[in-house]
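Colleague: Starting off with a structure, shown below.
The values are calculated or read from the model by the stated rules, or taken from the named source; none is laboratory data. What you are looking at is a predicted structure, and each value in this text was computed from that prediction instead of being measured. Positions of Cβ are generated from backbone atoms using ideal geometry, with glycine treated the same way; all protein chains shown enter the neighbour counts.
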Amino acid sequence: MDAKPIYILAIESSCDDTSAAVLCDKKRLSNVVATQKIHEEYGGVVPELASRAHQQNIVPVVHQALAQANIDKKQLSAIAFTRGPGLMGSLLVGTSFAKSLSLGLNIPLIEVNHMQAHILAHFIEEENSKIPSFPFLAMTISGGHTQIVLVEDYFKMQVLGKTLDDAVGEAFDKSAKILGFPYPGGPLIDKYAQFGNPEAFPFPKSKVGDLDFSFSGLKTSILYFIQKQVKENPNFIAENRDDICASIQFTIVNILMSKLKKAVKQTGIKRIAIGGGVAANSGIRKALEDAEKNLGWTTYIPKFEYCTDNAAMIGIVGYLKYKEELFSEQSVTAKARYLI
Ligand code: KG4
Ligand code: ZN
C-alpha cells in the first residue's frame, strides 16, 4: 500500500519576498510569491518597509497558496517556515505566523535554514528535472548571498567559501546603479552585455584567498573608472553601455568560475549545483555549459522559480525534515544570523 501523502505548507519571509507554497511529498502544488515593489525607488531593500509589507501580504499569500493547491488547511501535515538567516523584522512575520498556524491546527512546526533551502531546492520533483547525487558542490549566488558549499547529504553541509563583503547580486546591482540603471540592475547588465565586447574594459579581479569572495573592490574600481571617463566624455556611459556591461559581467563570471574550479580541484567533486537569483545570468549559464563540455562537470540549475527566494524551497526542506521527524518547539525564535 502507498504511504499517505504528506502535505507541507511552507512560508518564506526572510527578505523582500513574501511567499507561501504547498508541497505534496516532493512535488510543489503551489508556490505563490508576492514581490515587494516598494523598495525599487530606494535602490535597495528597506528593512522596516519589508516587514510591514510582509504583514500585509502574508494572509492573502497563504490563502492563495492553499487555493491554488486545492487543499484545505485541515489536510496539512506540517508547517515549515524560514527561521533565518535574513532580516529580523521580516523573519519575525513568517515565524510568528507559522507558529500560530501550527498551534491552531495542532500539527508539527518545522524550522528551515534559508541557505540550506536554496541548495535543497534541487530536490523538488519536476518533470524532466535533473537531481544531483551526493556529494556535490553548491554555489548559491543572489542579492543576499554568495557561498560555495560541500553537500554530503541533505543535512550534512559545509561552507567552503563565502563573500567577505558584498554578495554577487549586489555587485551587479551596485554596478548598475553607477551606470544609472534602476534597481535591481543585474538583469539589465545581463541584457546589454549580450551586445558588448567583454574585453573592452578590463576590471581587476579581487585577490581574496582560497574559496572566499570579495566584490567591494570591484565596485569601487568600476566607480572610479566611470567617474574618470565621464569627466572626459559626459556621454561615455551612453556611448559604451554594452561594452561596459559585457566587461562587468565577464569579470564577475570569471571570479565565480575561478572559485568553482578551485573548489572542484580541492574536493575532486565535479557535480555543481547553482541557485539564487544570479543563476539566471546568461554569462554564468554559458560558462557552466562550457565547463560541462570541456571539464567534464555535470551542472544543475533549477527552474528560475526555485532560484530566487520562494517558499517551495522551504517546503522541500520541510518535507525532508518531516520524514526524519525533525520538528521544532513552539518556543523557537527567528534567527537573523543562522549558519548552515
Ligand atoms: O535570489 P534573489 O531573487 O533575491 C535575493 O537576493 O535573495 O536574487 C536577486 C538578485 C539581484 O541582485 C538581481 O540583480 C540578480 O539576482 N539577478 C541577476 C540576474 N537576474 C537576477 N544578476 C545578473 N544577471 C541576471 N540575469
Ligand atoms: Zn535567498
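Colleague: Of (1) of a type outside the set (D, E, K, R); (2) surrounded by 15 or more Cβ atoms within 10 Å (Cβ to Cβ); (3) touching a residue at least 40 places away in the same chain (Cβ under 8 Å), Asn70 satisfies all except one. Which?
Modeller: Going through the list (1) of a type outside the set (D, E, K, R); (2) surrounded by 15 or more Cβ atoms within 10 Å (Cβ to Cβ); (3) touching a residue at least 40 places away in the same chain (Cβ under 8 Å), Asn70 breaks only (2).
Colleague: To continue, here is another question. Just need a number here: residues in the range 162-180 that are part of a helix (DSSP H, G or I) and either over 23 Å from the mean Cα position of the chain (by Cα) or among the acidic types (Asp, Glu) (or both).
Modeller: Here the count works out to 3.
Colleague: Hey, does the range 125-139 have a residue that's buried (at least 17 other Cβ atoms within 10 Å of the Cβ), within 16 Å of ligand 1 (Cβ to nearest atom) and either over 30 Å from Ile255 (Cβ atoms) or not charged (D, E, K, R) (or both)?
Modeller: Yes, that holds for at least one residue.
Colleague: Scan the range 22-39 and report the pairs whose first residue is assigned by TED's automatic domain parsing to the domain that holds Ala53 and surrounded by fewer than 16 Cβ atoms within 10 Å (Cβ to Cβ) and whose second residue is part of a strand (DSSP E or B) and not basic (Lys, Arg), with Cβ atoms within less than 8 Å and a gap of 6+ or a chain change.
Modeller: Sorted first by the residue in the range 22-39, then by its partner, the pairs are Thr35/Asp17.
Colleague: Same structure again: For the range 256-297, enumerate the residues that are free of Cβ contacts under 8 Å to residues at least 60 places away in the same chain and closer than 18 Å to Val149 by Cα.
Modeller: Met257, Ser258, Lys261, Lys262, Lys265, Gly268, Lys270, Leu288, Trp297, listed by residue number.
Colleague: Take the conditions over 21 Å from Val332 (Cα atoms) and within 15 Å of ligand 1 (Cβ to nearest atom) and apply them to Asp17. Does it pass?
Modeller: yes
Colleague: Can I ask one more? If I ask for residues that are surrounded by fewer than 21 Cβ atoms within 10 Å (Cβ to Cβ), more than 16 Å from ligand 1 (Cβ to nearest atom) and in a helix (DSSP H, G or I), which ones from the range 294-321 would you list?
Modeller: Correct list: Asn294, Leu295, Leu320.
Colleague: For the range 225-247, does any single residue satisfy the condition of being basic (Lys, Arg) and either within 15 Å of ligand 1 (Cβ to nearest atom) or at pLDDT below 95 (or both)?
Modeller: Within the range 225-247, none of the residues are basic (Lys, Arg) and either within 15 Å of ligand 1 (Cβ to nearest atom) or at pLDDT below 95 (or both).
Colleague: What about Asp210, is it of a type in the set (Asp, Glu), closer than 30 Å to Ala117 by Cα and assigned by TED's automatic domain parsing to the domain that holds Leu160?
Modeller: yes
Colleague: Gln147 fails exactly one of the following numbered conditions: (1) assigned to a strand (DSSP E or B); (2) over 18 Å from the mean Cα position of the chain (by Cα). What is the number of that condition?
Modeller: All conditions are met except number (2).
Colleague: Could you tell me whether the range 323-334 includes any residue that is outside any helix (DSSP H, G or I), β-branched (Val, Ile, Thr) and within 22 Å of Phe136 (Cβ to Cβ)?
Modeller: No, the range 323-334 has no match at all.
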